[in-house]
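Trainee: Take a look at the following structure, please.
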Amino acid sequence: MGMEYKHTAFKHGMTEREIAYVFSHAVDRFSFVDRYGDQAIKFIGPVHAQTDRLAEVCIKRLGGDYVVFHAMETGERAQ
């Protein structure tokens, strides 16, 4: 089981390290069905340890791997 990144995950300028940080330090998460009908999870969390800026990272499981297909800062701050 690994982590795969679609090119769309980097569309909004987040790095692989920032994406991993959001995923591993999430303050909230939501299950949803993506536009292809696949189950997915949106993680909300800080971009790194020295900020209160929040980002969202959307992943889904395909086969044995997790696939990150969206990542962007939300413009919100942690409270």
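Trainee: Pulled fully out, how much extra length does the chain show between R35 and L62, if you take 0.36 nm times their separation in residues and subtract their Cα-Cα distance?
Mentor: Gain in length upon complete extension: 8.2 nm.
Trainee: Need one word for the chain: rounded, prolate or oblate. Basis is the Cα gyration tensor (sqrt eigenvalues a ≥ b ≥ c); a/c below 1.5 gives rounded, then a/b vs b/c decides.
Mentor: Prolate is the answer for the chain, as a/c is 1.5 or above and a/b outweighs b/c.
Trainee: Percent of accessible area on the chain owned by carbon and sulfur, 1.4 Å probe?
Mentor: Roughly 50 percent, rounded to a whole number.
Trainee: A further question follows. Students often check this: by mean Cβ neighbours within 10 Å, which of 69-79, 18-28 ranks highest, and how do the rest follow?
Mentor: Packing proxy ranking, top to bottom: 18-28, 69-79.
Trainee: Can you give the accessible area per residue of the chain, in Å², using a 1.4 Å probe?
Mentor: Ligands and nucleic acids excluded, the result is 66 Å² per residue.
Trainee: Could you compute the net charge surrounding V47? Neighbours are other residues with a C-beta less than 13 Å from the C-beta of V47; K and R count +1, D and E count -1.
Mentor: Surrounding charge for V47 is -3.
Trainee: Under 12 Å from a point placed 7 Å out from the Cα of E4 along the Cα-to-Cβ direction: which residues of segment 43-67 have their backbone N that close?
Mentor: Only 60-67 pass the distance filter.
Trainee: Sticking with this one: At 1.4 Å probe size, put R29, R35 in order of accessible surface, largest to smallest.
Mentor: R35, R29
The values are calculated or read from the model by the stated rules, or taken from the named source; none is laboratory data. Note that the coordinates shown come from a computational prediction; the quantities given were computed from them, not determined experimentally. Neighbour counts run over all protein chains shown; Cβ positions are idealised from the backbone, glycine included. Heavy atoms of the whole protein, side chains included, go into the accessibility calculation; ligands, DNA and RNA do not. Shrake-Rupley method; radii C 1.70, N 1.55, O 1.52, S 1.80 Å.
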